[in-house]
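A short write-up of the structure that comes next.
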Amino acid sequence: MCGKCFDWPLVRKALYKWCSPFTIYLLSAGEPRKYDPTFKGPIHSRGCTDIACCVLFIVAILAYVAVGILAWSQGDPRKVIYPTDSRGQFCGHAGTPLEKKPLLFYFNIMKCASPMVLLEFQCPTTQMCVAKCPDKFMTLVKARLIPSEFEYYKQFCKEGVTNQMVSQDPGLTLTRRCFPALAGKDGSITVGNSSGFDDGTGTIREAKDLVDGVKNATVVMEARQVVMKVFEDYTHSWYWILLGLVIAMLTSLLFIVLLRFLAGIMVWVMIVMVILVIGYGIFHCYMEYAALKGAAGSNVTLQDLGFQTDITVYLQIRQTWLAFMIILAIVEVVIILILIFLRKRILIAIALIKEASRAIGHVMSSLFYPLFTFLLLAMVIAYWAVTAVFLSTSNEPVYKVFNETECMHSRMNCEPANFSTSAMKADCQDSECLFAFYGGETAYHKYLIGLQFYNVFLFFWCANFVTALGQMTLAGAFSSYYWAFVKPDDMPAFPVFAALGRSLRYHTGTLAFGSLILSIVQIIRVLLEYIDHKLKGAHNKCTRFLLCCLKCCFWCLEKFVKFLNRNAYIMVAIYGKNFCTSAKDAFFLLMRNMIRVAVLDKVTDFLLFLGKLLIVGIVGIFAFFFFSGRVKAFEDTAPHLHYYWVPILTVVVGSYLIAHGFFSVYAMCVDTLFLCFCEDLERNDGSAERPYLMSSTLHDILWEDKDLKPDVPV
């Protein structure tokens with residue numbers, strides 16, 4: 001339909017008449033490729049490209065290794081694993097006197113709600129290592145009257161304390177630290193004395209202070225409890241999550257194999273199944289919405305409910321299911337409308353997918369290349385994470401003066417070894433020298449933030465380099481398929497290994513150059529997010545608006561750089577030129593075929609996205625029925641969880657990543673074949689002397705569409 005009412009040559013003439021010279025230049029820039037009888041695909045006689053950037057990348061990697069060695073020599077991960085008491089000692093560390101005391105106990109937990117905690121990341125109260133947290137509540141009077149109770153609580157006091165100690169609240173263990181059990185079984189708040197020492201009337205006084213502090217600490221405690229429940233759910237369901245991810249991998253692999261042999265049928269089945277899966281989601285949301293009609297508390301609005309740490313509370317409200325139903329309905333309508341308007345283009349996209357299926361059939365090893373990419377990315381992530389931990393734990397312990405009353409030495413540095421005989425202690429009798437945080441005054445500690453920034457930047461650079469290597473390798477393998485006159489006789493014996501060798505031998509600098517540009521944009525986005533986080537409380541609307549515009553612009557820039565890099569790597573894999581030349585050639589080639597980009601490439605990407613959506617939907621539905629216990633057959637098999645949405649979300653996100661990994665091979669194959677197809681149209685004219693290398697099916701479909709058919713033979 002679009003081919004009958006849309007005359008691209010006529011539009012081009014109008015653009016020449018009305019558009020700016022720059023726009024005309026973009027639409028017609030670059031000389032079309034000329035016929036070359038010696039061109040047989042990826043050029044084998046090539047030289048090294050972007051050598052300067054290659055040297056820079058090697059130097060940066062060597063410096064990155066040096067930073068890692070420096071961090072490993074200075075850092076101490078025990079500071080993260082083990083809690084630290086007021087003397088800077090590790091609780092529960094093997095080979096120390098505190099080996100059998102793995103938990104940290106706060107003398108007055110309510111002092112952790114002080115604003116000073118946000119500045120110094122340390123509670124201004126005595127902290128000690130204990131074997132276990134208190135498990136019962138007791139008043140000061142009872143502790144004094146009953147010797148056995150005093151002996152029990154003596155383990156929660158500093159050495160040398162007599163029966164003047166105070167009772168503590170029963171507690172619970174979170175991240176190896178003792179916290180008060182604020183909520184009782186009936187949901188009430190347990191309030192008791194929790195100060196270090198008492199003068200006989202402190203129970204009432206401290207109880208009042210505790211009530212005031214509970215309001216500030218309740219939200220934090222609930223959040224911590226939710227985190228612990230989530231971790232507990234993971235420990236009970238990790239093997240089922242792993243099974244779900246394996247099912248997602250097998251489903252993706254099966255889908256790719258079927259797409260190889262039944263591309264046309266599988267695409268239409270995929271389209272119908274996506275519509276049915278989303279339709280079922282709408283039906284399920286309606287059934288949940290109808291089932292909650294008349295239920296107590298189900299008509300509460302999300303606005304009235306506010307933020308809740310227990311997400312399952314939202315599923316008991318009708319408005320939640322109504323929102324889900326509306327969102328899915330909108331997605332369903334949008335997909336159907338897109339399919340209606342693109343119904344003729346889908347046939348062309350299917351032909352391109354069939355061509356990609358043939359290419360993958362001749363390069364089956366490409367399906368397993370994402371595993372190699374995943375392994376390299378896992379190594380990059382592991383090195384970054386370990387280096388970050390060692391850098392963050394390479395500070396020295398800093399001790400400061402903490403006191404209850406006013407003191408001129410408050411928050412000043414001190415030495416715990418001789419503090420009892422120091423002038424600070426003489427001036428402030430109730431002061432204590434306690435461990436505050438980890439820091440340092442050396443040159444290494446001063447530039448520690450710079451090393452952390454370098455660690456993050458090199459993480460982006462290395463991760464983007466690994467991704468770029470995968471794209472160029474697959475592009476080299478699939479382009480060798482397209483330009484082979486007799487397939488597969490004219491192809492290399494091992495296309496993937498040959499392309500990988502060419503990429504590393506000749507184009508390491510080009511890969512480093514493209515990934516460096518992308519990494520700079522990404523690190524700027526990280527800095528903008530950091531600034532935005534710091535300005536959350538600011539009320540300057542102009543600053544907020546400007547920051548929002550910058551974030552949006554750099555997000556768009558990142559997308560454009562990724563698109564340009566991807567196509568530049570394809571041109572590098574074919575012709576072996578440097579990054580800038582390849583990026584220019586790819587950009588101008590796409591601009592000369594802008595209609596074909598919209599009709600072929602993007603429609604094909606949309607169909608592949610539907611395939612990923614289908615796999616995620618199928619696996620997600622099975623995970624929902626299994627973990628939620630909706631199917632009676634699975635009631636005894638499914639683990640008992642606090643939040644069944646935890647493994648469901650994990651399986652859904654993991655399934656998408658797995659499906660994306662497999663479909664990325666197809667997407668790279670389609671993009672490579674598309675650029676080769678555009679070059680084929682410019683190099684050849686379909687004659688016996690200059691035949692097209694595209695398949696006859698794709699040729700016949702293209703020549704039925706005026707938008708895609710060349711204006712004149714080249």
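Couple of notes before you dig in:
- Phi-based couplings in Hz for region 561-571 (Karplus 6.51, -1.76, 1.60; Gly and Pro marked x): 5, 4, 5, 5, 4, 4, 6, 5, 5, 5, 5
- Size estimate for region 246-306 follows the Kirkwood approach: the inverse of mean 1/r over distinct Cα pairs works out to 15.0 Å.
- Tensor-based shape of region 289-402 (alpha-carbon gyration tensor, a/c under 1.5 rounded, otherwise prolate or oblate): oblate
- Contour minus Cα-Cα distance for LEU250 and PHE374 (0.36 nm per residue): 43.0 nm
- Apolar share of the accessible surface for region 499-542: 66 percent from carbon plus sulfur atoms, 1.4 Å probe.
- Rg over Rh for region 531-597 works out to 1.26, both radii taken from alpha-carbon positions and Rh defined as the Kirkwood radius.
- Remark: the MET591-ALA688 segment gains 32.1 nm on full extension, using 0.36 nm per residue and subtracting the alpha carbon distance.
- 31 Å Cα-Cα threshold exceeded, pairs from LYS559/LYS612; LYS551/LYS584; LYS101/LYS425; LYS534/LYS562; LYS344/LYS559; LYS400/LYS541: LYS400/LYS541
- LYS584/TRP238 FRET efficiency (R0 45 Å; Cβ-Cβ; nearest 0.05): 0.35
- Carbon + sulfur, % of accessible area of region 303-387 - ligands and nucleic acids excluded, 1.4 Å: 78
- At R0 = 25 Å, FRET efficiency that the Cβ-Cβ distance of HIS93 and TRP72 yields, to 0.05: 0.85
- Working from label points 7 Å from Cα in the Cα-to-Cβ sense, the CYS549 to ASP489 distance is 6.3 nm.
- On the basis of the beta-carbon distance and an R0 of 51 Å, ALA52 and ASN299 show a calculated FRET efficiency of 0.15.
- Taking 0.36 nm per residue of sequence separation and removing the Cα-Cα distance, the PHE341/LYS229 pair yields an extension gain of 35.6 nm.
- Under 17 Å from the PHE609 label point (7 Å along Cα→beta-carbon), backbone N, region 314-351: 328-343, 345-346, 349-350
- Kirkwood hydrodynamic radius of region 505-624, from inverse mean 1/r over distinct Cα pairs, in Å: 17.6
- Its Cα centre serving as origin, region 433-550 has a Cβ charge dipole (Lys and Arg +1, Asp and Glu -1) of approximately 360 debye.
- If you sort the three axes of the alpha carbon gyration tensor as a ≥ b ≥ c, you get a/c of 1.5 or more for region 334-384 and a/b no higher than b/c, which makes it oblate.
- Cα-based shape type of region 441-549, given that a ≥ b ≥ c are square roots of the gyration tensor eigenvalues and the cut on a/c is 1.5: oblate
- Dividing the Cα radius of gyration of region 374-500 by its Kirkwood radius returns 1.45 for Rg/Rh.
- With each label modelled as a point 7 angstrom along the Cα→C-beta vector, the LEU527-ILE43 pair spans 3.7 nm.
- Built amide H within the under 5 Å cut-off of TYR643, gap 5+: none
The values are calculated or read from the model by the stated rules, or taken from the named source; none is laboratory data. Since this is a predicted model, take the numbers as computed values, not measurements. Neighbour counts run over all protein chains shown; Cβ positions are idealised from the backbone, glycine included. Only protein heavy atoms, including side chains, enter the accessible area calculation; ligands, DNA and RNA are left aside. Shrake-Rupley method; radii C 1.70, N 1.55, O 1.52, S 1.80 Å.
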